[in-house]
Amino acid sequence: MKSSEDWWAKAALAETLMQAHEALSRARPRPGTNNPRVWRDYHLRSAAIYTEVAQIDRGHFHEATAWATCERQRGEEFDRQIKTKKADNAAASSSVDKAS
């Protein structure tokens, strides 16, 4: 079984949309992964791969571009969740400090 990084390397070399799909599906975090940073990184890296593939696999340009857009949006949503959680934690910490 290849490691996730091996699949990322293979995805980076993808010349077709199908090759990208295969490698990215294998690089995907394991089911049950709850760390939003892991998911954010996965989706943003996937977006970059699909963006590159769109330039190479011109027959699938629009589809690869659509995948890139979806992956980027998913990654950005996880990024917003991370930032919101940080802000909530900072506010909670600040209120605890004031109560002391």
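Suppose we take every Cα in the chain and form the convex hull; what volume per residue is that in Å³?
It is 101 Å³ per residue.
Given a 1.4 angstrom probe, what's the average accessible area per residue across segment 8-100, in square angstrom?
Dividing the accessible area of segment 8-100 by its residue count gives 67 Å².
Return the distance in nm (one decimal) between the two label points of a simple spin-label model at E5 and R28, each offset 7 Å from Cα along Cα→Cβ.
Spacing of the two 7 Å Cα→Cβ label points: 2.3 nm.
May I ask you to compute the full-extension gain from E63 to L44, defined as 0.36 nm times their residue separation minus their alpha-carbon distance, rounded to one decimal in nm? Walk me through the numbers before you get to the answer.
Values: separation 19, 0.36 × 19 = 6.84 nm, distance 1.70 nm.
Full-extension gain reported as 5.1 nm.
Given labels modelled 7 Å from the Cα in the Cβ direction, how far is it in nm from T84 to I56?
Each label point is offset 7 Å from its Cα along the Cβ direction, giving 3.6 nm.
Carbon and sulfur: what percent of the chain's accessible surface (1.4 Å probe)? Each step should come with its number before you reach the end.
Values: 3650 of 6820 Å².
Ligands and nucleic acids excluded, carbon and sulfur reach 54 percent.
Can you tell me which of 32-42, 9-19 comes out highest on packing, and rank the rest after it, using the mean Cβ neighbours within 10 Å? Walk me through the numbers before you get to the answer.
Numbers: 32-42: 13.5, 9-19: 15.6.
Packing order, densest peptide first, comes out as 9-19, 32-42.
Could you give the angle, 0 to 90 degrees to the nearest 10, between helix 61-99's Cα long axis and the longest principal axis of the Cα atoms of the chain?
Its long axis makes an angle of about 10 degrees.
The values are calculated or read from the model by the stated rules, or taken from the named source; none is laboratory data. These figures come from a predicted structure and were not determined experimentally. Every residue, glycine among them, receives a Cβ derived from its backbone with ideal geometry; neighbour counts consider all protein chains shown. Please note that ligands, DNA and RNA were not included when accessible areas were found on the heavy atoms of the full protein model with its side chains. Shrake-Rupley method; radii C 1.70, N 1.55, O 1.52, S 1.80 Å.
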